[in-house]
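> Sending over a structure as structure tokens; questions will come in a sec.
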């Protein structure tokens with residue numbers, strides 16, 4: 001595959017701000033859809049980065065997200081590419097839909113490279129045929145370099161009512177057409193008509209254009225946004241940048257780039273592609289992504305199914321027994337289960353809303369939380385105590401830290417722990433325990449070759465994650481002066 | 001309520017051998033239905049004993065069960081009545097349906113008291129109106145003393161196809177009729193006919209007769225069983241009793257007392273009653289036992305229901321979110337979930353069969369196991385380690401014991417533990433830990449006023465419950481000589 005453009009002008013902008021309520025109980029506030037692995041081992045955002053690597057030069061991929069998600073995305077991409085992503089985040093102070101996100105990325109990139117061509121990609125889609133995808137991107141990038149705003153259109157294979165549609169007009173060149181109409185999500189009848197007419201394509205939310213082109217279009221069709229972007233541009237790289245962004249974003253109306261610009265502009269092109277794409281918009285989408293068995297069921301995890309058909313069963317370690325289900329979705333995680341008919345998958349947000357209102361932990365986080373050094377699983381919580389299983393990867397270490405409100409008992413159950421405990425340092429082996437008193441600086445490290453597993457029993461009046469003062473951290477997390 | 005019989009001749013025989021697969025995942029091999037509390041705090045067998053206490057003299061209630069279930073039943077009844085049940089078990093060497101169980105109880109009781117009147121009761125039914133129940137029993141006992149074999153018939157309030165029916169004949173006296181026909185579980189049409197004809201009653205499986213009467217009937221209608229019972233009778237109380245029972249039972253054909261005797265006998269009476277009875281035969285039965293809300297749902301535990309109706313949701317602490325369900329059953333426990341339409345509730349045994357075949361823990365036991373001294377919950381298991389939370393009631397103590405294959409770290413998180421560790425004895429308080437090396441005699445005791453909670457981290461090559469050698473136990477469990 002050959003990139004005919006000036007390769008160094010090609011940038012990927014991955015939009016990763018979604019809160020992912022539609023994938024509860026697998027997605028949580030702290031692990032939205034893009035951070036989940038649904039197919040295979042890579043998470044959706046990792047797959048997004050992997051997928052474009054043949055066409056985007058290393059170091060030219062940027063992530064638009066918010067402060068809260070940055071750390072987790074950083075860890076995942078660091079783990080994937082084994083290089084630092086610290087300087088490749090474009091942070092939105094608040095979510096205002098895609099137009100402000102795209103505009104912000106455009107001023108960043110134009111500042112870096114006035115010739116920048118942006119490939120705008122959602123972070124949470126699945127594409128089965130990466131080769132076709134990359135080929136479409138290169139055609140789109142070439143077209144973008146000629147001044148077009150290019151959308152990637154997906155050839156429909158069913159009368160889907162969950163996507164927007166784009167109508168193809170006259171051919172611009174091989175594989176590129178004028179886009180002559182953006183259609184909102186249609187009803188069933190209309191979707192069937194679009195499918196039959198064959199010149200409608202799904203709007204994938206993937207766009208390619210020069211930063212300069214999109215900024216010019218924003219100036220014309222969204223002057224208020226443009227005015228804000230100009231203000232931010234003046235502060236780029238200075239101390240005032242954060243304040244400027246916050247001030248501008250707080251006044252913006254949420255707007256999609258499709259509605260705000262593309263539907264109104266003339267120079268919009270479409271590159272149709274048929275590449276096994278899904279936006280994984282709800283649990284329902286899994287049946288187009290994962291294999292189905294002879295009863296037309298998708299089965300994942302410890303599911304026992306008797307006489308069930310046409311259903312999606314996405315489970316983990318727990319046993320789920322189902323009998324006589326048809327057209328249902330069952331999703332099971334360590335601490336929460338979802339059960340609904342396939343045609344109600346969109347309503348999972350109603351359950352998430354109730355959990356959010358209750359301040360329920362099951363809205364915020366999973367029992368197992370992944371960290372750059374490994375993971376922890378909350379096994380039990382009680383009044384004044386919390387039990388965790390902690391795993392530390394070989395060579396990894398937690399920050400040098402202390403807690404003001406809890407002491408910790410550690411029992412090693414696998415591997416060897418290097419323990420820093422106040423002024424002392426020693427190794428603890430399986431079946432050995434150690435005690436970290438309150439307000440004592442300590443550190444846990446795996447200097448061995450196999451995964452370290454310890455059981456931690458916390459005792460104290462306050463046992464939340466924010467009772468931590470870090471003195472040193474190899475993962476660049478915020479520390480206190482020592 | 002007055003018992004007109006010779007009160008001391010009245011005995012209750014509670015049949016408690018069921019394996020309770022139909023209530024999975026709440027019932028497990030180690031906790032069949034009779035050991036569960038489904039309504040209120042008492043378990044079904046505790047309620048069965050409580051319910052008859054107004055009519056049966058203390059000490060006249062016997063339990064027919066097997067060796068495996070005896071310990072758990074003993075603990076539950078000890079906890080209920082605060083007296084020892086050690087000598088009130090009639091053990092079946094293997095399950096052969098109700099006729100051998102009833103016959104065995106009859107020879108035991110006739111041996112104790114030649115005038116014994118037996119009230120035979122299943123251990124796992126729910127009866128809302130205890131007063132009516134007791135009144136029916138007294139009428140039945142009076143009738144039994146006159147030589148009848150008496151069945152308690154339940155007035156049907158729906159055309160139930162899950163029960164057997166008994167037809168009423170001529171009136172013997174007030175509230176007592178001749179039973180002139182036993183009908184197997186009918187089809188829908190037949191059940192509707194029975195309901196309409198008004199002289200059919202549900203066969204509750206509750207019977208009252210003199211031990212002598214039923215033995216005479218067994219002699220007549222089940223001569224092989226009678227012959228076996230005579231052999232056992234000769235060994236009662238001797239060392240040979242166990243061997244005799246095993247030998248006789250191994251050759252018996254499984255048979256119900258209904259089919260083996262009652263359908264054939266002449267002197268069968270029925271005492272009809274309307275007392276809010278249910279045999280709790282499957283999860284479906286819950287909607288007749290528990291209250292239903294305005295959407296006609298039964299809801300128990302942490303369930304979030306959107307647009308659901310006519311369903312049974314029986315959950316625990318975990319969040320279960322359901323959307324748009326109709327006529328469904330959802331049962332959720334710590335480690336397993338069941339989902340099926342109401343009309344498939346009987347098929348839960350198919351799931352249990354698969355789990356049994358797999359040797360899955362979810363067939364055998366729950367994560368939390370109740371013991372006379374308190375309970376333990378398995379929080380996590382891994383290679384060479386297991387984590388438990390142990391709670392010990394005030395005043396309770398575990399046996400003096402040792403393990404050959406594991407050491408144990410204990411961290412106290414609530415209450416005060418009195419620890420015997422080899423030759424030493426000391427108290428451990430919250431946030432204190434102690435270590436029990438392998439093969440060291442040890443004991444855990446709660447000498448305080450509040451529940452003791454400890455976290456136990458076991459390390460070793462073999463971590464099963466049977467690696468225990470007991471030296472002393474206040475609950476009379478099997479011990480080694482010290």
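What follows draws every value from the coordinates through simple rules; no lab data is involved. Keep in mind the model is a prediction, meaning the values are calculated, not measured. Backbone-built Cβ (ideal geometry, glycine too); neighbour counts: all protein chains shown.
> Using 0.36 nm times the number of residues separating residue A:474 and residue A:334, minus their current alpha carbon distance, what extension gain do you get?
Between residue A:474 and residue A:334, full extension yields an extra 47.4 nm.
> Out of every Cα pair in region A:7-278, what percent are spaced more than 27 Å from each other? If you can, show how the numbers build up before the last one.
Numbers: 13362 of 36856 pairs.
Of the Cα pairs, 36 percent sit more than 27 Å apart.
> Work out the P(r) tail for region A:1-143: percent of alpha carbon pairs separated by more than 19 Å, whole number.
Taking all Cα-Cα pairs of region A:1-143, the fraction more than 19 Å apart is 50 percent.
> Suppose we consider the axis relating copy A to copy B; can you name the residue of A with the nearest Cβ and state that distance in angstrom as an integer?
In residue-and-Å form, the answer is A:379, 2.
> What's the angle, to the nearest 10 degrees (0 to 90), between helix A:188-197's Cα axis and the longest principal axis of chain A?
60
> Would you mind checking the tilt of helix B:98-112 against the longest principal axis of the Cα atoms of chain B, expressed as 0 to 90 degrees and rounded to 10?
Between helix and principal axis, roughly 90 degrees.
> With a Förster radius of 30 Å, plug the Cβ-Cβ distance of residue B:190 and residue B:41 into 1/(1 + (r/R0)^6) and report the FRET value to the nearest 0.05.
0.15
> I would also like to ask the following. Measuring from centroid to centroid over Cα atoms, what is the spacing of region A:257-299 and region A:54-85 in Å?
Cα centres, region A:257-299 to region A:54-85: 23 Å.
> Across every pair of different alpha-carbon atoms, what Kirkwood hydrodynamic radius in Å does region B:175-270 reach?
15.8
> Over region B:283-352, what relative contact order in percent results from Cα pairs under 8 Å that are six or more residues apart?
24
> When B:449, B:406, B:292 are ordered from fewest to most other Cβ atoms inside 10 Å of their Cβ, what list results?
B:449, B:292, B:406
> Per-residue ellipticity at 222 nm for the protein assembly as shown, helices alone: DSSP H runs ≥ 4 residues times -39500 (n - 2.57), over residue total, nearest 500 deg cm²/dmol?
Working: 22 runs with 238 residues, N = 964.
Calculated at 222 nm, the ellipticity per residue is -7500 deg cm²/dmol.
> Can you say what percent of the DSSP beta bridges in the protein assembly as shown, counting only those with both residues inside, are antiparallel? Round to 5. Let's see the in-between values first.
Details: 146 of 214 bridges.
Rounded to the nearest five, the antiparallel share is 70 percent.
> Here's something else I'd like to know. Measuring from a point 7 Å out along Cα→Cβ, what nm distances, shortest first, does residue B:358 have to its partners in the other copies?
2.7
> Next question. Relative contact order of chain B: what whole-number percent is it, with Cα pairs under 8 angstrom and at least 6 residues apart?
13
> Working from the pairwise distances between different alpha carbons, so that the mean of 1/r is found and then inverted, what is region B:368-472's Kirkwood radius in Å?
Numbers: mean 1/r = 0.0737 Å⁻¹.
By the Kirkwood definition, the hydrodynamic radius is 13.6 Å.
> Distance from the Cα centre of region B:140-203 to that of region A:428-480, in angstrom?
The distance from the Cα centre of region B:140-203 to that of region A:428-480 comes to 69 Å.
> Beyond 17 Å, what share of the Cα-Cα pairs of region A:64-159 is found? Please give it as a whole percent.
64
> Another question, then. Specify the angular offset, from 0 to 90 degrees and rounded to the nearest 10, of the alpha carbon long axis of helix B:241-251 from the longest principal axis of the alpha carbons in chain B.
Long axis of B:241-251 versus the principal axis of chain B: about 60 degrees.
> Something else: Determine the relative contact order of region A:368-472: mean sequence separation of Cα pairs under 8 Å and six or more apart, normalised by residue count, in whole percent.
Relative contact order here is 36 percent.
> Every other copy gets compared here: list the nm distances from the residue B:132 label point (7 Å along Cα to Cβ) to its counterparts, shortest first, one decimal.
Nearest first, the other copies' label points are 6.8 nm away.
> Please say if chain B is rounded, prolate or oblate, where rounded means a/c under 1.5 for a ≥ b ≥ c the square roots of the C-alpha gyration tensor eigenvalues, and otherwise the choice is prolate for a/b larger than b/c and oblate otherwise?
Note, shape of chain B comes out oblate.
> How would you classify region B:109-222 from its alpha-carbon gyration tensor, with a ≥ b ≥ c the square roots of the eigenvalues: rounded for a/c under 1.5, else prolate if a/b is greater than b/c, otherwise oblate?
prolate
> Next question, about the same structure. Answer rounded, prolate or oblate for region A:283-352, using the Cα gyration tensor with square roots of eigenvalues a ≥ b ≥ c: rounded when a/c is under 1.5, else prolate when a/b is larger than b/c, else oblate.
Note, shape of region A:283-352 comes out oblate.
> Next up: Return the Cα extents of the protein assembly as shown along principal axes one, two and three, sorted largest first, each rounded to a whole Å.
In descending order, the Cα extents are 107, 73, 44 Å.
> Hey, what D do you get for region A:103-162 in µm²/s if you plug the Kirkwood alpha-carbon radius into Stokes-Einstein at 25 °C and 0.890 mPa s?
Here the translational diffusion coefficient equals 180 µm²/s.
> Please order B:187, B:423 by the number of other Cβ within 10 Å, starting at the fewest.
B:423, B:187
> Could you give the Stokes-Einstein D for region B:257-395 in µm² per second, using the C-alpha Kirkwood radius, 10 °C, 1.306 mPa s? Walk me through the numbers before you get to the answer.
Working: Rh = 18.6 Å.
After rounding, the answer is 85 µm²/s.
> Could you list B:210, B:220 so that the one with the fewest beta carbons within 10 Å of its beta carbon is first and the one with the most is last?
Values: B:210 24, B:220 12.
Ordered by Cβ neighbours within 10 Å, fewest first: B:220, B:210.
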